[in-house]
Structures are given as C-alpha cells and as structure tokens.
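In what follows, a single structure is set out as structure tokens and then discussed.
The values are calculated or read from the model by the stated rules, or taken from the named source; none is laboratory data. Computed from a predicted model, the values in this text were never measured in an experiment. Glycine also receives a Cβ, built like all others from the backbone with ideal geometry; neighbour counts cover every protein chain displayed. Quick note on the areas: whole protein, heavy atoms, side chains included, nothing else; ligands and nucleic acids left out. Shrake-Rupley method; radii C 1.70, N 1.55, O 1.52, S 1.80 Å.
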Amino acid sequence: MNPPIKRYWEARELVLIGVFAAAAKLSSLLIALAGGGMNPIGLVAKNLVYTTLMIVLLTKVPKWGTLLLFTIISMIVSVCLLGGSLTLLPAALAAALIGEAAVWLTGGAGKRWAPWVAVGMYDLMSKGLSLGVSYLFMRESPALITIIIPIVACGYLGSLFGLWFGWKTVGELKHAGFVR
C-alpha cells in the first residue's frame with residue numbers, strides 16, 4: 001500500500017478560502033446596494049467588513065499563500081459576478097504578494113500578529129497601487145485623480161477600522177471555539 005500524499009492545502013481550508021472570498025465580495029455588493037451606491041458611509045462599511053473577513057480567514061488558515069489565494073478567488077468572483085475591472089487585477093495580486101512577503105519578513109504565518117501585518121500591508125498597497133493604475137489611465141488629465149483620492153481615502157479609513165474590528169471579532173471567535 002502506498003502512503004497517502006501529504007498536501008499543503010486541506011480540502012476544508014480550500015473550501016473555507018472560497019467561502020470567505022465569495023462572502024467578502026457578496027457582502028461588499030450588498031452594503032453598496034443597501035447604502036445607495038458610492039457614499040462615504042458605504043465605502044467605510046464595505047472595507048470594514050472586507051478587512052474583518054480577511055483577518056478572520058488568515059487567523060483560521062494561517063498558511064503562506066492564503067492571502068494570495070483569497071485574492072485570486074476574490075478577483076475571479078468580482079470579474080464574473082460584478083464585472084470588476086481587469087485593470088485592477090495586477091494591483092491586487094501585487095498587493096497580496098507584498099502582504100505575504102511582509103508576513104514572511106516579520107516571522108512567518110504562524111505568529112499571532114501575522115494576519116494583521118498581511119491585511120494591513122495588503123490594504124495599504126492595494127489602495128496605493130490602484131491609485132497608481134488610475135493615474136496611469138488619467139495621466140493626460142491628472143486633475144481627475146484629485147476626485148479619486150478622497151474616495152480611496154474613505155475606503156482606507158474603513159480598512160483601518162476593519163483591522164481593529166477584526167481583532168475584536170477574532171477574540172470573540174476564539175471564545176466561541178471557531179478560531180484557535
């Protein structure tokens with residue numbers, strides 16, 4: 001008899017990553033629809049929920065590559081379901097790689113602070129790189145970028161709130177036994 005092959009990802013982890021990616025995108029869509037479109041409160045709430053779900057996922061599945069796989073699945077859901085922009089896909093992938101590298105540089109995915117480092121760097125870099133992509137497309141009329149900067153800043157404020165809210169949520173989920 002051959003011994004079973006040890007795989008890096010267990011099936012339950014892959015399912016969990018897919019469910020969290022779909023839940024993050026669908027909750028963002030529902031918040032945007034319930035909020036009446038793009039307004040500051042909706043942007044803050046949408047990014048708060050997205051960041052919190054990423055932190056809970058990275059706490060539940062503390063492996064290298066979880067953030068990258070989450071980003072890939074999330075972008076696929078975004079493109080298929082929401083008609084998301086393919087021009088922002090490279091920025092999101094680069095931000096996920098930078099977030100994973102930041103975790104590796106600070107001690108690895110097994111550390112207690114790793115989810116917050118990964119998500120914090122991911123949010124910062126994804127917002128910054130998306131502004132860079134926007135600037136590339138609007139470089140003939142750079143005054144238009146001044147309209148986009150406050151919108152991205154509202155979203156980033158929600159991401160910062162999401163880091164704190166994720167900390168509180170993980171604490172409650174540890175108490176409930178969902179997260180180790």
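Numerical summary
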| read-out | value |
| --- | --- |
| Gaussian network model of the chain, springs between alpha carbon atoms under 10 Å - residue of Phe70, Phe137, Phe161 with greatest fluctuation | Phe137 |
| Within the chain, helix-based [θ] at 222 nm, where runs of 4 or more DSSP H residues each add -39,500 (n - 2.57), nearest 500 | -25000 deg cm²/dmol |
| Angle in degrees between helix 114-137 and the longest Cα principal axis of the chain, rounded to the nearest 10 | 30 degrees |
| Three-way shape label, region 93-144, alpha-carbon gyration tensor, a/c 1.5 | prolate |
| Residue-count net charge about Thr59 - beta-carbon cut-off 10 Å; Lys, Arg +1, Asp, Glu -1 | +4 |
| Gaussian network model of the chain, springs between alpha carbon atoms under 10 Å - residue of Ala96, Ala23, Ala34 with greatest fluctuation | Ala34 |
| Pairwise centroid distance, computed over Cα atoms, of region 133-165 with region 32-60, Å | 15 Å |
| Per residue accessible area in Å² of the chain, where ligands, DNA and RNA are left out and the probe is 1.4 Å | 58 Å² |
| Arg112-Ile76 pseudo-label distance in nm [points 7 Å out on the Cα-to-Cβ vector] | 3.5 nm |
| Cα-projected label distance for Asn2 with Leu30, points at 7 Å along beta-carbon direction, nm | 4.3 nm |
| Sites excluded, GluC sites (Glu not before Pro) in DSSP loops with at most 16 other C-beta within 10 Å, longest stretch of the chain | 11-139 |
| DSSP-loop trypsin sites (Lys or Arg not before Pro) across region 3-66, with at most 13 other Cβ within 10 angstrom | Lys6, Arg7 |
| In nm, spacing of pseudo-spin labels at Ala23 and Phe161 (7 Å Cα→C-beta vector) | 2.0 nm |
| Helix 40-60 axis, angle to the chain major axis (alpha carbon atoms, nearest 10°) | 20 degrees |
| Kirkwood Rh in Å, taken over all unlike Cα pairs in the chain | 17.0 Å |
| Cα-based helix-to-principal-axis angle, 145-176 vs the chain, degrees rounded to 10 | 20 degrees |
| Net lengthening on full extension, Trp64/Val15 (0.36 nm per residue, minus Cα-Cα) | 16.0 nm |
| Most mobile listed residue (Leu26, Leu86, Leu53) in the chain, GNM with C-alpha springs under 10 Å | Leu86 |
